Amino acid sequence: MIAVENLKKSFGEVEAVRGISFKAEDGRITGLLGPNGAGKTTTLRMLYTLLEPDSGSILIDGMDPHKHTIEVKHKLGVVPDSRGLYTRLTARENIRYFGQLHGMSAADLESRIEELTGILGMQEFIDRRTDGFSQGQRVKVAIARAVVHSPQTILLDEPTNGLDVMTTRALRHYLLDLKKAGHCVVLSTHIMQEVAALCDHIIIIADGQIAASGNADELLQQSGCSTLEDAFVKLIGTEEGLLS
Amino acid sequence: MSGWLTVFKKEVKENFRDRRVIFTSLVIGPLFGPLLLIGMFSLMADKTSERMEEALELPVVGQQYAPNLINYLIQEGVEIKPAPNNPEAAVKAKDEDVVLRIPADFSERWDAGQRAIVEVIVDESRNHVGVTSQRLRRLLNAYSSQIGILRLQLRGVSPQILNPIMVKTIDQSTPTSRAARLLSFLPYILMIGAFVGGMHLAIDATAGEKERHSLEPLLINPVPRWQIMAGKLMATSFFAGLSVFLTVIAFRLLVPFLPADLLGTSISITNPMLLGILVVILPMAILASAFLTILASFAKSFREANSYMGLVTLIPMLPSFYLMINPVKAETWMMAVPLLSQNVLIHELIRGEQVSISWYLIAGGTTLGLGLVLAAIAATLYNRPRVIFSGE
């Protein structure tokens with residue numbers, strides 16, 4: 001479970017995040033929805049410990065990620081915006097590397113890689129070097145290495161960016177399975193269909209602040225619109241950044 | 001398995017799969033230096049012996065004014081050639097190496113017992129011409145003193161009166177120390193090996209991670225950043241050290257091809273000497289790796305990092321140049337200056353001198369110490385968000 005309280009972060013003059021508070025419960029998928037540049041990635045980076053907040057508090061399963069960095073990292077599975085693979089290693093070696101960095105035993109690691117290969121449908125390319133992989137194949141490997149240690153909380157930054165329909169569907173099924181198994185899933189996106197199809201709780205972020213939050217029905221009610229797209233535009237007050 | 005070991009193993013494995021790296025760091029790098037050295041020697045030896053042995057072809061202006069001198073030169077094996085119309089221009093245009101000119105008043109002055117003048121026209125700025133003009137001058141001086149002695153004897157004066165002092169040089173250099181002069185490039189070649197060997201991995205592990213967008217996922221893993229950097233640094237040092245090691249091996253294997261006899265020296269490169277050189281140079285691999293890693297960490301891309309690296313190869317040259325211009329005696333303070341200490345120590349070793357253990361320790365200690373300070377700096381670099389996210 002994640003609890004964020006009045007989080008703020010500036011880069012020089014630019015206030016990227018201006019007081020964000022929310023809760024992401026276990027067994028739910030929480031979506032951070034907002035146009036590009038709204039502060040979603042910065043918020044996530046503070047959650048996964050790479051950026052230190054200027055003020056505000058974060059608790060992940062009751063621990064402050066900036067005080068108990070290593071413990072929190074063990075509980076997190078993160079698919080960041082950057083998902084580069086090592087092209088001279090095979091998919092399996094890429095995943096194994098991250099499993100080893102998590103301190104997994106060899107036996108656990110190998111059986112977990114087998115399991116993930118099945119779940120994500122990677123049988124065809126698991127032992128190929130990742131050089132020349134398609135976007136979909138790369139994302140699958142990036143997800144597999146992020147969750148190889150079976151983390152309780154999973155953070156994904158724009159996970160479906162650049163994916164084809166089939167891979168997107170497979171990813172959604174996987175996230176729904178994680179939710180059913182009681183994991184806490186947080187994803188950021190600027191695609192409305194995605195939140196509508198997946199998320200139990202939607203947090204609309206614009207200009208570094210929360211513009212609205214709730215489930216899909218609640219957001220429609222709050223905005224008085226009939227479609228989520230209209231509601232989204234109305235709630236953030238601009239169409240800017242939606243078309244990219 | 002601890003974090004740094006995991007990182008180390010992965011970096012080494014990954015880079016061993018890169019044929020380009022293997023080729024440049026572990027094949028071309030180690031072979032290039034020793035081959036260059038041997039090539040240089042062979043060329044030098046060839047040129048010197050060629051010029052010493054081949055008949056001296058000499059264009060002479062005004063042969064008719066000094067028939068005796070010309071006869072003497074012919075007896076000494078000089079081939080007299082007709083002179084070009086404009087000797088100065090011919091020498092300038094590099095058509096002729098040396099031209100001898102005998103002025104018209106030569107015989108007049110000769111007969112009068114005055115000093116007769118001959119002119120040697122030469123461009124002394126051309127390196128290889130030196131041997132030819134020296135040979136000619138030696139012949140002319142020999143003729144001159146021969147005639148001088150004859151004239152004195154005719155007057156009943158002992159020729160010794162002309163040479164109140166006779167200089168006798170007693171050369172204290174050993175054949176090995178003379179060879180050492182020729183091998184003064186070796187420290188530079190070995191240090192370049194350390195830098196070039198670690199270069200690719202240093203870039204790949206830092207700027208390369210940023211460029212392929214794998215740095216952020218890597219840093220999210222529950223391993224302290226200093227351990228990740230330590231693993232990378234050790235992998236870089238491993239490659240740098242391996243490159244140096246292979247350079248020494250290549251050098252060892254190529255020594256028999258050194259044309260030592262031609263240069264009048266006998267180089268005895270012994271295995272203990274090479275072992276000493278390795279002990280001296282290996283701390284340098286760590287220092288070079290830490291330095292390269294810091295440099296590459298500030299670059300956003302492979303290309304940017306590569307452009308810094310060109311300058312890096314100049315750094316190990318500095319002490320070599322310093323010693324070339326200002327050849328000084330090895331002293332203890334020099335051992336505390338990384339790069340310089342390796343240069344001086346390797347020189348001493350090649351010269352076959354006994355090097356005290358304390359010098360090894362000071363040189364190794366200061367180099368390793370500076371390397372570790374730089375490594376500590378490198379380890380903290382990735383605590384700065386600007387360094388992590390600057391590739392975007």
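Please treat every number below as a calculation from the coordinates, not as lab data. If you're wondering where the values come from, they're calculated on a predicted model, not measured in any experiment. Cβ placement follows ideal geometry from the backbone for every residue including glycine, while neighbour counts extend to all protein chains displayed.
Can you tell me the length gained on complete extension of the stretch A:Ile119 to A:Asp200, counting 0.36 nm per residue apart and subtracting the Cα distance?
Extra length available between A:Ile119 and A:Asp200 comes to 26.9 nm.
Can you give me the C-alpha center-to-center distance between the stretch B:56-72 and the stretch A:54-119, rounded to a whole angstrom?
The two parts, judged by their Cα centres, are 90 Å apart.
Using a Cα-Cα cut-off of under 19 Å, which lysines could be cross-linked to A:Lys180, ignoring same-chain neighbours fewer than 8 residues away?
Those lysines meeting the cut-off are A:Lys23, A:Lys75.
Exactly which trypsin sites (Lys or Arg not before Pro) in the stretch B:50-120 are in a DSSP loop and have at most 12 other Cβ atoms within 10 Å?
B:Lys94, B:Arg115
Within 15 Å, Cβ to Cβ, of B:Ala66, how many net charges do the neighbouring residues add up to if Lys/Arg are +1 and Asp/Glu are -1?
For residues surrounding B:Ala66, the net value is -2.
Sequence neighbours fewer than 8 away in the same chain don't count; with that in mind, list the aspartates and glutamates whose C-alpha is under 15 Å from B:Lys10.
A:Glu93, B:Asp18, B:Asp204, B:Glu209
How high is the relative contact order of chain A, in percent, counting Cα pairs under 8 Å that sit 6 or more residues apart?
Rounded, it is 29 percent for chain A.
From Cα pairs below 8 angstrom and at least 6 apart in sequence, can you work out the relative contact order of the stretch A:4-102, rounded to a whole percent?
Relative contact order, the stretch A:4-102: 24 percent.
Can you give me the distance in nm between label points at B:Lys329 and B:Leu372, each placed 7 Å from the Cα along the Cα-to-Cβ direction?
Between B:Lys329 and B:Leu372, the simple spin-label model gives 3.4 nm.
Please rank A:His201, A:His68, fewest neighbouring Cβ atoms within 10 Å first, as an exposure proxy.
By the 10 Å Cβ count, ascending: A:His68, A:His201.
Could you work out the percent of alpha carbon pairs in the protein assembly as shown separated by over 32 Å, rounded to a whole number?
Cα-Cα pairs in the protein assembly as shown separated by more than 32 Å: 64 percent.
Give the relative contact order (percent, whole number) for the stretch B:55-162; include only Cα pairs under 8 Å separated by 6+ residues.
24 percent.
When only DSSP loop residues count, what trypsin sites (Lys or Arg not before Pro) in the stretch B:300-392 have their Cβ near at most 11 other Cβ atoms within 10 Å?
Listed in order of number, the matching sites are B:Lys329.
Could you tell me what a quarter of the Cα convex hull surface of the stretch B:275-392 works out to, in nm² with one decimal place?
Over all viewing directions, the stretch B:275-392 projects a mean Cα-hull area of 8.2 nm².
If you restrict to DSSP beta bridges whose two residues both lie in the protein assembly as shown, what percentage is antiparallel, to the nearest 5?
If we restrict to bridges inside the protein assembly as shown, about 50 percent are antiparallel.
Could you give the distance between the Cα centres of the stretch B:136-159 and the stretch A:174-233, to the whole Å?
Using only Cα atoms to place each centre, the spacing works out to 111 Å.
Treating the angle as unsigned and between 0 and 90°, give the value, to the nearest 10°, between the Cα long axis of helix A:106-120 and the longest Cα principal axis of chain A.
60
At a Förster distance of 25 Å, what's the computed FRET efficiency of B:Phe16 paired with A:Met166, Cβ-Cβ distance as r, to 0.05?
In this case the efficiency is close to 0.10.
Once you've got the GNM for chain B with C-alpha springs shorter than 10 Å, pick whichever of B:Leu150, B:Leu186, B:Leu253 has the biggest mean-square fluctuation.
B:Leu150
So which trypsin sites (Lys or Arg not before Pro) in the stretch A:11-93 are both in a DSSP loop and have at most 11 other Cβ atoms within 10 Å of their Cβ?
Sites meeting the loop and neighbour criteria: A:Lys67.
Please check: in the Gaussian network model of chain B (C-alpha springs, under 10 Å), which one of B:Ala205, B:Ala235, B:Ala112 has the largest mean-square fluctuation.
Among B:Ala205, B:Ala235, B:Ala112, the largest mean-square fluctuation in the Gaussian network model of chain B belongs to B:Ala112.
Nearest 0.05, what FRET efficiency do B:Ala89 and B:Arg252 give at R0 = 51 Å with Cβ-Cβ as r?
0.50
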